[in-house]
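The values are calculated or read from the model by the stated rules, or taken from the named source; none is laboratory data. Worth saying up front: this structure is predicted, and the values here are computed from it rather than measured. Cβ coordinates were reconstructed from backbone atoms using ideal geometry, including for glycine residues, and neighbour counts include every protein chain displayed. Keep in mind that these areas ignore ligands, DNA and RNA; they rest on the heavy atoms of the full protein, side chains included. Shrake-Rupley method; radii C 1.70, N 1.55, O 1.52, S 1.80 Å.
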Amino acid sequence: MSDTLRVLQIVPGTSVDGPGLRTSIYLAGCNHHCPGCHNPSSWDFRGGTEMNIDELADIVIAHGFNVTLTGGDPLQTPNPSGLLRLVRRLKAEGLKIWCYTGYTFEELADHEELKELVGEFEAIVEGPFIAAERDPDLRFRGSRNQRIIQPDGTLFQLL
């Protein structure tokens with residue numbers, strides 16, 4: 001088990017990646033390659049910097065905000081067990097975690113190795129970005145096909 005994740009950026013105090021102020025962790029790597037992606041520099045799985053999971057957790061916890069995992073696609077990490085360890089440590093500190101992924105919720109149901117990890121999130125912003133369905137008025141999503149879903153499959157209710 002690797003003790004690292006490839007991190008592109010840590011952004012504390014952001015309000016664009018979920019409700020309230022959050023710390024967004026941008027992880028490297030995505031093979032969805034959505035046309036019109038706002039962050040194509042995140043596609044490279046070798047991008048960013050290797051960060052120790054405990055060090056990363058300490059940095060995020062010090063900021064005290066709920067967390068959003070984004071990227072890239074965090075669910076394509078080569079180290080899902082390490083990501084699960086990070087998520088559980090953050091949750092143990094009382095932090096709520098959102099995750100952005102290009103997978104649909106239905107596709108995630110077919111990924112046996114990700115089920116445990118997906119079950120740890122408060123919400124999943126799912127689905128690929130589709131430029132023809134882009135809607136700048138949507139909260140926390142880029143295109144109308146994307147949904148914000150709880151791990152049990154129900155839609156997340158934004159207040």
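Which of the residues that make up region 26-46 are in a helix (DSSP H, G or I) and open to solvent by less than 20 Å² (accessible area, probe 1.4 Å)? So that I can check it myself, show each step before the final result.
Of the residues in region 26-46, the ones in a helix (DSSP H, G or I) are 40-42.
Once the filter is applied, which keeps residues that are in a helix (DSSP H, G or I) and open to solvent by less than 20 Å² (accessible area, probe 1.4 Å), region 26-46 yields only Ser42.
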Inset, instruction - Only residues that are under 23 Å from Arg85 (Cα atoms), open to solvent by 40 Å² or more (accessible area, probe 1.4 Å) and not charged (D, E, K, R): list them for region 125-159, please. - result: Gln150, Pro151
Legend entry - Residue check, Gly64 closer than 23 Å to Asn52 by Cβ and touching a residue at least 12 places away in the same chain (Cβ under 8 Å): no
Legend entry - Test: residue in region 107-124 that is surrounded by 16 or more Cβ atoms within 10 Å (Cβ to Cβ), in a loop (DSSP other than H, G, I, E, B) and among the small types (Gly, Ala, Ser): no
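Is there a residue in region 12-25 that is in a helix (DSSP H, G or I) and of a type in the set (Gly, Ala, Ser)?
The initial filter retains those residues of region 12-25 that are in a helix (DSSP H, G or I), namely none.
Within region 12-25, not a single residue is in a helix (DSSP H, G or I) and of a type in the set (Gly, Ala, Ser).
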Legend entry - Test result for Ser2, more than 12 Å from the chain's Cα centre (by Cα), in a loop (DSSP other than H, G, I, E, B), surrounded by fewer than 21 Cβ atoms within 10 Å (Cβ to Cβ) and of a type in the set (Ser, Thr, Tyr): yes
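Being in contact with a Lys or Arg (Cβ under 8 Å, 6 or more places away or on another chain) and buried (at least 19 other Cβ atoms within 10 Å of the Cβ) narrows it down to one residue among Thr49, Thr68, Thr14; which is it?
Thr68
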